[in-house]
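**Q** Shown below is the structure under consideration.
The values are calculated or read from the model by the stated rules, or taken from the named source; none is laboratory data. Predicted, not measured: the structure shown is a model, and the values here were computed from it. All Cβ positions, glycine included, derive from the backbone under ideal geometry; neighbour counts span all protein chains shown.
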Amino acid sequence: MIDIKFLRDNINQVEHLLARRDYSLDKDQFKALDAERKSLQVEVESLQSERKTLSNDFGKLKSSGENIDDLKKKLDFINDNLKIKNELLNQILESINNILLDIPNIPHESTPDGKNENDNVIIRTVGKITSKNTVDHIDITKKIDTDLAAKLSGSRFAVLKGSLAKLQRALISLMLDTAQKNGYEEYYLPYMANRESLIGTGNLPKFEEDLFKTSESLYLIPTAEVPLTNIYRDVLINEDELPIKLTAHTPCFRSEAGSYGRDTKGLIRQHQFEKIELFKISNPNTSMEELEGLLENAEEILQLLELPYQVVQLCAGDIGFSSCKTYDIEVWMPSQNKYREISSCSNFGDFQARRSNIKFKSDMGKNFVHTINGSGLAVGRTLIAILENRFDGGDFISLPKALEPYLGSSRLEI
RNA sequence: GGAGAGUUGGCUGAGUGGUCGAAAGCGCCUCCCUGCUAAGGAGGUAACUGGGUAACUGGUUCGAGGGUUCGAAUCCCUCACUCUCCGCCA
């Protein structure tokens with residue numbers, strides 16, 4: 001959520017900054033509403049003040065037995081007037097709030113210009129591409145069964161069998177252990193969240209169609225970012241506790257509305273997938289360094305798994321709604337002959353902190369924190385990458401050294 | 001599913017119609033005392049927000065939303081959440 005004061009005082013600047021991400025701010029509408037708000041609010045508050053004074057008099061007069069009829073008439077008049085004005089004011093405040101909730105984060109100055117993913121900037125490429133495999137992961141093994149999943153649930157689900165289910169579990173353990181080694185505290189979290197939590201992270205009200213909603217009005221989490229961030233909703237943190245570093249493994253649920261026809265084969269785009277999330281709450285002064293650190297922590301997993309990848313910085317037109325700066329990590333997918341997203345690491349600045357009311361206390365008073373998070377990593381896509389990069393036509397794949405302790409073997413039957 | 005209790009400031013917790021933004025304690029801040037530390041003493045200390053260049057000044061907030069009333073932390077209704085006991089259950 002944008003700071004309304006900043007918006008009021010710098011509306012032209014904000015308009016230009018948001019244009020970088022192709023958001024057009026309706027300045028005139030906001031200005032008109034805010035002007036109306038101002039005059040109504042002054043009026044309402046002076047009426048309230050008057051009522052308060054007169055009501056006090058009322059009590060005194062009554063207790064001394066004096067006539068109160070005139071005073072009551074006056075108060076009735078004020079109350080009638082107040083009721084009308086108040087309703088109007090509330091309507092306007094709600095309109096303003098809806099506008100604010102709809103405004104995406106302002107891209108950081110270090111986020112490059114650009115319209116879409118074609119304008120993203122490759123930061124670095126790591127690891128050698130050695131695989132000559134052209135077979136898609138779904139054709140490499142019968143142990144990823146989407147037909148069976150369709151029977152159980154529908155499209156965009158998958159069943160993992162035997163050694164692949166175990167490989168997934170091993171990957172989860174490796175990722176969590178690595179996160180812990182890097183100072184993140186592991187959390188186990190609810191997989192459903194209430195509306196307020198989703199507003200806090202920026203998923204609602206704008207992206208309701210991307211979420212699964214239960215009959216109890218709870219939402220299935222689209223990422224552990226939601227519960228992790230909301231742990232600190234309405235919390236005042238001491239400065240010396242920062243940075244806070246948390247991690248969690250959760251399934252993620254996404255309706256994938258609007259992605260019909262994209263990545264329909266295999267594990268790439270599912271309604272349910274496993275992910276390890278890395279999450280930080282940071283002092284605003286150091287949040288950009290914290291983002292770089294978190295990115296490195298996510299990259300470390302790919303290095304441990306000996307998978308070739310590249311780091312891409314998203315341009316202003318491609319960053320997510322709540323983000324001000326984002327790096328994507330893309331892993332090499334041999335069958336597609338290209339790099340595919342496997343992690344997205346973002347600094348949200350104070351955007352989520354403002355929505356979620358997360359502040360820290362320091363000599364400078366109370367201020368909003370910055371939130372940073374990223375996948376470390378998306379498990380399903382990691383599993384695919386291992387399969388495809390290591391498949392050599394046989395019934396087994398060799399395993400990277402880092403996985404051997406988790407699977408008790410140097411190879412895996414597929 | 002049944003029965004009951006509760007939700008007040010950074011924290012604990014008092015407050016049942018006006019003098020309550022709210023006792024007391026803890027914590028925190030300033031000062032005093034004192035070789036140092038500890039202890040002791042005095043005072044201060046909620047958040048959000050509007051108007052104003054400012055001095056200053058107004059409003060809102062006692063879980064949320066409605067209602068009663070001239071006036072609500074306090075009375076009534078609805079909802080959410082927490083806790084206890086019983087039942088059921090991984």
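**Q** Return yes or no: is A:Arg8 closer than 30 Å to A:Val369 by Cβ, near RNA strand B (Cβ under 10 Å from one of its atoms) and of a type outside the set (S, T, N, Q)?
**A** Spelling it out, A:Arg8 is indeed closer than 30 Å to A:Val369 by Cβ, near RNA strand B (Cβ under 10 Å from one of its atoms) and of a type outside the set (S, T, N, Q).
**Q** Are there any pairs with C-beta distances below 6 angstrom linking a residue in the stretch A:302-322 that is over 24 Å from A:Ala385 (Cα atoms) and in contact (Cβ under 8 Å) with a residue 60 or more places away in the chain to a residue that is surrounded by fewer than 23 Cβ atoms within 10 Å (Cβ to Cβ) and among the aliphatic types (A, V, I, L, M), with the two at least 6 apart or on different chains, and if so which?
**A** Close Cβ pairs (under 6 Å, with a partner that is surrounded by fewer than 23 Cβ atoms within 10 Å (Cβ to Cβ) and among the aliphatic types (A, V, I, L, M)) do not exist here.
Here is a yes/no grid of residues against (1) more than 20 Å from the chain's Cα centre (by Cα); (2) crowded, with 22+ Cβ neighbours inside 10 Å:
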{"residue": "A:Glu241", "(1), (2)": "yes, no"}
{"residue": "A:Lys245", "(1), (2)": "no, no"}
{"residue": "A:Glu256", "(1), (2)": "no, no"}
{"residue": "A:Ser259", "(1), (2)": "no, no"}
{"residue": "A:Gly266", "(1), (2)": "yes, no"}
{"residue": "A:Leu291", "(1), (2)": "no, yes"}
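**Q** Okay, moving on. Restricting to the stretch A:343-372, what's the tally of residues that are of a type in the set (Val, Ile, Thr) and not in a strand (DSSP E or B)? Quick ask: steps written out before the conclusion?
**A** From the stretch A:343-372, those of a type in the set (Val, Ile, Thr) are A:358, A:369, A:371-372; that's our starting set.
Adding the requirement that they be not in a strand (DSSP E or B) leaves A:358, A:369.
Final tally of qualifying residues: 2.
**Q** Could you check how many residues of the stretch A:178-193 are loosely packed, with under 15 Cβ neighbours inside 10 Å and without any contact (Cβ under 8 Å) to a residue 40 or more places away in the chain?
**A** Matching residues across the stretch A:178-193 total 2.
**Q** Being assigned to a loop (DSSP other than H, G, I, E, B) and either away from RNA strand B (no atom under 16 Å from the Cβ) or not hydrophobic (A, V, I, L, M, F, W, C) (or both) is the filter here, so list the residues in the stretch A:180-203 that pass it.
**A** A:Asn182, A:Gly183, A:Tyr184, A:Tyr188, A:Pro190, A:Tyr191, A:Asn194, A:Gly202, A:Asn203
**Q** Any idea which of (1) touching a helix residue (DSSP H, G or I) at 6+ places or on another chain (Cβ under 9 Å); (2) in a helix (DSSP H, G or I); (3) surrounded by fewer than 14 Cβ atoms within 10 Å (Cβ to Cβ) is the one A:Ser163 doesn't satisfy?
**A** Exception for A:Ser163: condition (3).
**Q** Of everything in the stretch A:38-53 that's crowded, with 16+ Cβ neighbours inside 10 Å and near RNA strand B (Cβ under 8 Å from one of its atoms), which residue is farthest from A:Asp9 (Cα to Cα)?
**A** My answer is A:Arg51.
**Q** Looking only at the stretch A:88-106, decide whether some residue is within 20 Å of A:Gly202 (Cβ to Cβ), surrounded by 13 or more Cβ atoms within 10 Å (Cβ to Cβ) and touching a Ser or Thr at 6+ places or on another chain (Cβ under 9 Å).
**A** yes
**Q** Based on this model, can you work out whether A:Ser335 counts as part of a helix (DSSP H, G or I) and either assigned by TED's automatic domain parsing to the domain that holds A:Ala298 or within 16 Å of RNA strand B (Cβ to nearest atom) (or both)?
**A** For A:Ser335, the condition - part of a helix (DSSP H, G or I) and either assigned by TED's automatic domain parsing to the domain that holds A:Ala298 or within 16 Å of RNA strand B (Cβ to nearest atom) (or both) - is met.
**Q** For the stretch A:194-231, which residues satisfy the criterion of being of a type in the set (A, V, I, L, M) and either over 14 Å from A:Thr250 (Cβ atoms) or at pLDDT below 90 (or both)?
**A** A:Leu198, A:Ile199, A:Leu204, A:Leu211, A:Leu218, A:Ile231
**Q** Separate question: Can you say whether A:Ile96 is touching a residue at least 24 places away in the same chain (Cβ under 8 Å), of a type in the set (Val, Ile, Thr) and away from RNA strand B (no atom under 16 Å from the Cβ), as far as the supplied structure shows? Before the answer, list the steps.
**A** Details: touching a residue at least 24 places away in the same chain (Cβ under 8 Å): yes; of a type in the set (Val, Ile, Thr): yes; away from RNA strand B (no atom under 16 Å from the Cβ): no.
Taking the combined requirement at face value, the residue does not satisfy it.
**Q** I've got another one for you. Return the pair list, or none, for Cβ contacts closer than 7 Å from residues in the stretch A:43-54 that are at pLDDT below 90 and assigned to a helix (DSSP H, G or I) to residues that are within 6 Å of RNA strand B (Cβ to nearest atom) and of a type in the set (Val, Ile, Thr), at least 6 apart or on different chains.
**A** Cβ pairs passing all conditions: none.
**Q** Turning to a different aspect of this structure: I'm trying to understand the selection: among the residues of the stretch A:56-86, which are outside any helix (DSSP H, G or I) and either at pLDDT 85 or above or near RNA strand B (Cβ under 10 Å from one of its atoms) (or both)?
**A** A:Ile68
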